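Below you'll find the structure, written out as structure tokens, and then a few comments.
The values are calculated or read from the model by the stated rules, or taken from the named source; none is laboratory data. Quick caveat: nothing in here was measured; it's all calculated off a predicted structure. Backbone-built Cβ (ideal geometry, glycine too); neighbour counts: all protein chains shown. Please note that ligands, DNA and RNA were not included when accessible areas were found on the heavy atoms of the full protein model with its side chains. Shrake-Rupley method; radii C 1.70, N 1.55, O 1.52, S 1.80 Å.
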Amino acid sequence: MKNEVLAKFDDRNDPHGITRRRFFMGIGAGALGATASGGTVVFMQYLEPNVLFEPPTKHVVGVPEDYPITSVVSHPSIRVYVVRTPRGFFALSAICTHLGCITRWNEQAGQIQCPCHGSRFDSSGRVLAGPAPRPLDHLLISLADDGRLVVDVAVVVDPEYVLRV
Amino acid sequence: MNDLSTNWNATPQAGVGRRLLTRLTGSGVWRSVFRHGWIRTNRDRALTIYSNVFLHIHPVKVRKSALPFRVTFCLGGLSLALFIVLTVTGILLMLYYHPSAPRAYEDMKDLEFVVSSGVFLRNLHRWSAHLMVITVFLHMLRVFFAGAYRPPREFNWVVGVMLLVLTLLLSFTGYLLPWDQLAYWAITVGTNMAGAVPWVGDEIRFLLLGGNTIGENTLIRFYVLHCVVLPLGIVVLMAVHFWRVRKDGGLARPL
Amino acid sequence: MPQRDFELVKSDDPVAVPKRVALVSRDVSLKVDVEPEEMVMSVPHLVLREAIAFELLVAFLAFYSLLVDAPLEQMANPLKTPNPAKAPWYFLGLQELLHYFPPIVAGVLVPALVVIALIVIPYFDVNVRRPRLWERRDRRALLTFGSVVLGSLVILAIFGVWPVVITSFLLSLVMIACLLYPSETGWWGRVCKLSLPSWIMIWFVACTVVLTLIGVYFRGPGWSWVWPWQ
Amino acid sequence: MAPLRLWLAFAIASVLMFLALAISPVRHVFPEWKSIQKQYNQLAAERYKMGQDVRPVEIGLRQLWNPDLGVVDRCTTCHLGIDNPELRDAPEPFRAHPTTPHRLEEIGCTVCHRGQGRATTTEAAHGATKHWESPMLPSFYVSGSCGSCHRERKPPETYTVASGRRLIQEANCAACHKIPGFSLERKPGPDLSDIGDKVRPEWLYRWLKSPFDYLPESKMPDFHLSESEAAVLTSYLLTFKKKSPEEAAAGRQWEQALLNASDEEIEFGETRYRELRCVSCHAQEGRGGKLGPDLGKVASKVQPAWLVSWLENPREHYPDSIMPQYGLTEREKKSIAAYMVSELVDYDADPDEDDKILELIPEPDRAVMAEGEELFRQYGCAYCHALTGHEVRGEFGADLSEIGVKDIDQLDFGNTKIERSLVQWLYTKMKIPRIFSPDLRMPDYHFSDEEARQVTAALLSLTGDNIPPKYLPPSPDPPSYSPSGPFNRILEKYQCLSCHSIRGVGGEIAPDLTREGSMAKPEWIARYFELPYTLRPIMTERMPILGLTREEIETAVSYFQLVLVDDSIPREIFLSPPDRSMVETGRRLFYEKYGCQACHQVNQQGGYVGPPLDGVRNRLYSGYIYEWLLNPQRFIPETIDPNQGLTPEEARAITAFLYGLPPAGGSQGGSR
């Protein structure tokens, strides 16, 4: 009796059973697999936010008259230095290119200094000393229709870019 | 392994796909994870249970008489399934949820309007939660009328009752999280009942709410209870519950 | 068969039937007629059934979630109490009781008693033998039970807990019908075979369901009675 | 065999689960807004081909976010053309927003329009979806939102709210309701402590029963009193008398004398009545000024004796009266009263009906007195009328501080079939105040549809304090003007500030006098007091002839010249008479370049809109003319005189031309 029972359950003893069973198993497993892969797609879409609650990247930094010629003005809230030279305006990112600390403008030394690992930059962002691998990023600064200066912290521009007013 | 596992090797006339698959499943890495071959022999079937932590809650063999649907109505299994669904959807929902007022409510609105499939996941979570309360309760009734709580299963019945209470508490703590009128006042009414306990009622209520009325403190308390404390408790008790089911004689079988 | 308190059931196949000792109490039967049961492999018989149940459940939940949205009302406003303010549905039975009893009874005593009663069930030999309700020859016990039921109903009626009183009354009618028109077969036969503890559990479930349904569908502003279509 | 069936069931269950999960993301894959954005891109493509600057957008959700204001508005997901002026004529939802002084990306949409900013479906975003309490406002009422920030009484930014607030002030809503920005400054109704001396019983009954039947412009609302209520209240009120029996007897003699007055006397009275320009404040049959009560049927209303003593000194009766105290002779008073008693009668009144009414009014016994007192209290009469024994205690009606954001489920719609929205509720309430329940006490103001809408808009602006202070416009300095001394006595006596305003205090129907001393010359002012005339020929409301004494005129003129001046306005800009060429340039600018004669009369020729300019040098300082020409709106913001953008040279030339104009006909007679 034991052998009979076992024989019934052993696929190898029932060739027709095997094919039909395999067929259904295939459909079931296939549908499961499809569900899993589809679920992964939906899951990835779910993870990707469709709207962002982030502050705007464009910031108004006053009018050109606010800046004396040959000056470096720090805007800590948006991590930007606005530099005015006789040639015009440019904006420097205050984020150190070494490990991302926020640098400070040292008026006496005429240098931008990083408190973390001692990197030093001149007022046009070039590395003077320290571990920083490259100059500070130059950001896009432009003049809005109403005559105010606007810095877009999301756009990095060529170091030669200067806004003439 | 050894000579018994004949099916590790493909027959020479098998197709390329089958041979590749066989090569894969025959590899040492695969066999270090899955300690059985393609399920063809009773030995493989037994090994599937023995060597697999998730299936090891079952014995290798079960009574045939316990298998039909009407014996158990699958209620315990469905409760577990719902718990798994709730865990998965719950973790996903946590990614878009801030337990603070009024942000919590706004997150509900954002789930509805801007998160891909957000409203679907929230619906799944909520309806699964309600269904789980029902299945757990029905599971208890089924066990009672089957007389399946009798010795030596007394303690497992007690664990089951505790699981029912925990399920209710999980559902109740989750009720507040959307921070809408329904949630707020349902929890107000619910916690006021706790306040009726003699002598310590007000203290219990104060601790539960983290204040005299439902506020930010309550929200964060219920959030922690709902997402950490109660799920941990329920998982531990479930482990005990399942383990005892096996130790006390297996699947539903009226003595 | 020799007169013994227990019998060792032996099987000649240790794979099909694991070796086990069965203790059979004398009250039930002197003869053990348990055949070695047929056993099947958990894989695939059990696991497949579980998988099917799980898949059907997920399919149902997915369809339901597509069709019915979870409720979301206005933002919580402590200054604006909705009328009525209802607890989650599974506590509405309790809230309904709260309407009749002081909070200490409905909010604390009743749930505590229910949980305690549920916990102690297996320890009090309750329902272990499960004789049918009227099978007992011990009339005195039944009389005690009957008077306790009557007394409780009177107390409940004094408190005006009509949902419970009416439900209990209807159930007692069925119980008495079992005495007057006993049967062995059919669905009525099954009802008649129910033991006293089973009746108590049925009574508990019936009251819970009735109270919860009333709380969910029949209660309006000020916890007054409204019809669902109003 | 069972396992085979089981495998089949497994296959079916798997496929079913796959299908269920496969269709589940349908809501985010095909949302409504995506198809709307595609429609926009089609429109943009068409317009671009036509040469307009309209570009297609990237498909995706957009939102305006302002954490300060709690704004998360996703309206721009579908309203894509909102800031593109090329799309001014486009169909919604792509139409451009009309120009506003506010930056849309800063304050978002829902701050003004309401609705559900976070929603991304049409229905949820706009509509009155369940559990979202602030649906979008109908476009007319959007201006109500302006008033939430612009909280002054008369915000220049929004006509609707300004009108609504004026109506709230006029209807004296603040008497019964708490309304931010309004307070019960003065009881608008007359003091009733001598009403028994003043009016006729049948009139009082009619008035109480339905004031709008007697006077369609009635300021007193209709309380919908029943006949018996009106009768009891009449009886109760008539017991309030001040006159002693002797005085009453004297009054009856007066009455007799007035009724027996000769035709000549009546004619004289009528002449004086017209000469004094009573009609500037008191209309007759709806025509004339609205400052005082309509006098068309006054003889059917008041007792003649009371009329005479009123003319004697209004403030003896009511200290708060805004009526000027005229310097009338004894004869004038009597004749005017005689004229009024005999001519200003309600000719439609039916004497039989009067008798019926008189029968209806019960004797003032104890029960009637008690009932009348109760009625007076119950309807809140004391909130508008002073009466001994009736004090005002706190607010009578609902607090309206946050009525503009009231939840719908806190509103009682009664059995009405109107749309379940706050706007509809408010509007309907304004139209038919007691429609929602017969127990309500709010009276009926007979608002027109337009007025009801304006009041509704003004009420919608009452949203509580949910706006961060930095977004509120700076509130204008509260008007403060408290003169003292002899000039103040003049202001009091003649109630100048009922019509004129000084530094923001006072009425609005006559010119502002804040800068009068820098504008007009003292000689002209003095002459004007003696015989005021209308500067603009088309105006009907005219300054009454008050009969100021010489002394009073001198006091007033010197006060004008010393105090009511604006130091930024030079008195004269010509030290010597301007040369002829400049005058000639001015003439050409006046007639040819700017066409001023279209509105102003010069040499008896020209338009009727502005004041005639002949002999203007006798009236105005040249400095003022010059400054006015440079920017008329500086002095009167709402003046219709356009700001032509004159250069200082042009203004100087035109001033020179105007300053040379001789008086018309050689005299300063005015329009008489």
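Some points to look at:
- Picking from residues in region D:59-97 that are away from chain A (no Cβ under 11 Å), assigned to a helix (DSSP H, G or I) and more than 13 Å from D:Thr110 (Cβ to Cβ), the one that is least open to solvent (accessible area, probe 1.4 Å) is D:Leu87.
- Annotation: of all residues in region A:123-165 being touching a residue at least 60 places away in the same chain (Cβ under 8 Å) and basic (Lys, Arg), the one that is least open to solvent (accessible area, probe 1.4 Å) is A:Arg148.
- Answer residue from region B:151-175, given it is among the polar types (S, T, N, Q) and closer than 27 Å to C:Asn77 by Cα and is nearest to the other protein chains (Cβ to nearest Cβ) among those: B:Ser171
- Hits in region C:102-116 (condition: open to solvent by 50 Å² or more (accessible area, probe 1.4 Å), more than 7 Å from chain B (Cβ to nearest Cβ) and assigned to a helix (DSSP H, G or I)): C:Leu109, C:Leu113, C:Ile116
- Each residue in region C:94-112 was checked for being in contact with a strand residue (DSSP E or B) (Cβ under 9 Å, 6 or more places away or on another chain) and under 20 Å from B:Leu168 (Cβ atoms), and 2 of them qualify.
- Test set (1) open to solvent by less than 30 Å² (accessible area, probe 1.4 Å); (2) within 14 Å of chain B (Cβ to nearest Cβ); (3) in a loop (DSSP other than H, G, I, E, B) - D:Ala124 fails condition number: (3)
- Only listed residue being modelled with pLDDT of 90 or more and outside any strand (DSSP E or B), chosen from A:Gly147, A:Gly125: A:Gly125
- As a summary of the residue check, D:Tyr48 satisfies the conditions (1) among the aromatic types (Phe, Trp, Tyr); (2) within 14 Å of chain B (Cβ to nearest Cβ); (3) not in a loop (DSSP other than H, G, I, E, B) except for the one numbered (2).
- Residue count for region D:127-151, restricted to those that are outside any helix (DSSP H, G or I), open to solvent by 20 Å² or more (accessible area, probe 1.4 Å) and touching a Lys or Arg at 6+ places or on another chain (Cβ under 9 Å): 5
- Checked against the criterion of being surrounded by 13 or more Cβ atoms within 10 Å (Cβ to Cβ) and over 18 Å from D:Gln644 (Cβ atoms), region D:587-600 contains not a single residue that satisfies it.
- Entry remark, region B:110-122: residues being at the interface with chain C (Cβ under 10 Å from one of its Cβ atoms), acidic (Asp, Glu) and open to solvent by less than 30 Å² (accessible area, probe 1.4 Å) number 0 in total.
- Residues (surrounded by 14 or more Cβ atoms within 10 Å (Cβ to Cβ) and among the β-branched types (Val, Ile, Thr)) located in region D:98-121: D:Ile107, D:Thr110, D:Val111, D:Thr120, D:Thr121
- Checked against the criterion of being at pLDDT 95 or above and part of a helix (DSSP H, G or I), the candidates B:Leu207, B:Leu219 yield just one match: B:Leu219.
- Residues that are outside any helix (DSSP H, G or I) and either within 7 Å of another protein chain (Cβ to nearest Cβ) or under 16 Å from the mean Cα position of the chain (by Cα) (or both), drawn from region B:123-150: B:Gly147, B:Tyr149, B:Arg150
- If you go through region B:41-50 and keep only what is over 21 Å from B:His241 (Cα atoms) and either at the interface with chain C (Cβ under 7 Å from one of its Cβ atoms) or modelled with pLDDT of 85 or more (or both), you end up with B:Asn42, B:Arg45, B:Ala46, B:Leu47, B:Thr48.
Condition check ((1) assigned to a helix (DSSP H, G or I); (2) more than 28 Å from D:Ser228 (Cα to Cα); (3) assigned by TED's automatic domain parsing to the domain that holds D:Lys493) across all residues:
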| residue | (1), (2), (3) |
| --- | --- |
| D:Leu328 | no, yes, no |
| D:Lys333 | yes, yes, no |
| D:Tyr347 | no, no, no |
| D:Asp354 | yes, no, no |
| D:Glu359 | yes, no, no |
| D:Glu363 | no, no, no |
| D:Gly372 | yes, no, no |
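- When region B:43-58 is filtered for residues that are surrounded by 18 or more Cβ atoms within 10 Å (Cβ to Cβ) and under 22 Å from B:Gly160 (Cα atoms), only B:His58 remains.
- Taking region A:135-144 as the range and being in a strand (DSSP E or B) and not small (Gly, Ala, Ser) as the test, the residues that pass are A:His138, A:Leu139, A:Leu140, A:Ile141, A:Leu143.
- Positions within region B:181-212 being more than 15 Å from B:Tyr105 (Cβ to Cβ), within 7 Å of another protein chain (Cβ to nearest Cβ) and either charged (D, E, K, R) or touching a residue at least 12 places away in the same chain (Cβ under 8 Å) (or both), in sequence order: B:Thr188, B:Gly190
Results for (1) free of Cβ contacts under 8 Å to residues at least 40 places away in the same chain; (2) in the same structural domain as D:Tyr445 (by TED's automatic domain parsing); (3) not in a helix (DSSP H, G or I), shown as yes or no for each residue.
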{"site": "D:Arg166", "(1), (2), (3)": "yes, yes, no"}
{"site": "D:Ala174", "(1), (2), (3)": "yes, yes, no"}
{"site": "D:Leu184", "(1), (2), (3)": "no, no, yes"}
{"site": "D:Pro190", "(1), (2), (3)": "no, no, yes"}
{"site": "D:Trp203", "(1), (2), (3)": "no, no, no"}
{"site": "D:Arg206", "(1), (2), (3)": "no, no, no"}
{"site": "D:Phe212", "(1), (2), (3)": "no, no, no"}
{"site": "D:Ser218", "(1), (2), (3)": "no, no, yes"}
{"site": "D:His224", "(1), (2), (3)": "no, no, yes"}
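Conditions (1) within 7 Å of chain B (Cβ to nearest Cβ); (2) part of a loop (DSSP other than H, G, I, E, B); (3) surrounded by fewer than 18 Cβ atoms within 10 Å (Cβ to Cβ); (4) without any contact (Cβ under 8 Å) to a residue 24 or more places away in the chain, marked per residue:
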{"residue": "C:Phe60", "(1), (2), (3), (4)": "no, no, yes, yes"}
{"residue": "C:Ser65", "(1), (2), (3), (4)": "yes, no, no, yes"}
{"residue": "C:Pro71", "(1), (2), (3), (4)": "yes, yes, yes, yes"}
{"residue": "C:Lys80", "(1), (2), (3), (4)": "no, yes, yes, yes"}
{"residue": "C:Asn83", "(1), (2), (3), (4)": "no, yes, yes, no"}
{"residue": "C:Gly93", "(1), (2), (3), (4)": "no, no, no, no"}
{"residue": "C:Glu96", "(1), (2), (3), (4)": "no, no, no, no"}
{"residue": "C:Tyr100", "(1), (2), (3), (4)": "no, yes, yes, no"}
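- Residue match in region D:377-396 (condition: modelled with pLDDT under 85 and acidic (Asp, Glu)): yes
- Scanning region B:87-109 for residues that are outside any helix (DSSP H, G or I) and surrounded by fewer than 16 Cβ atoms within 10 Å (Cβ to Cβ) gives B:Leu95, B:His98, B:Ser100, B:Pro102.
- B:Pro178 satisfies every condition listed in (1) buried (at least 18 other Cβ atoms within 10 Å of the Cβ); (2) part of a helix (DSSP H, G or I); (3) within 10 Å of chain C (Cβ to nearest Cβ) except (2).
- All positions within region A:43-63 that are surrounded by fewer than 15 Cβ atoms within 10 Å (Cβ to Cβ) and of a type in the set (Ser, Thr, Tyr): A:Thr57
- Every pair of residues 6+ apart whose Cβ atoms lie under 8 Å, when the first sits in region B:221-239 and is within 11 Å of B:Thr173 (Cα to Cα) while the second is open to solvent by 60 Å² or more (accessible area, probe 1.4 Å): B:Leu225/B:Leu169; B:Cys227/B:Met94; B:Leu230/B:Leu169
- Members of region D:374-396 that are part of a helix (DSSP H, G or I) and not acidic (Asp, Glu): D:Leu375, D:Phe376, D:Arg377, D:Gln378, D:Cys381, D:Ala382, D:Tyr383
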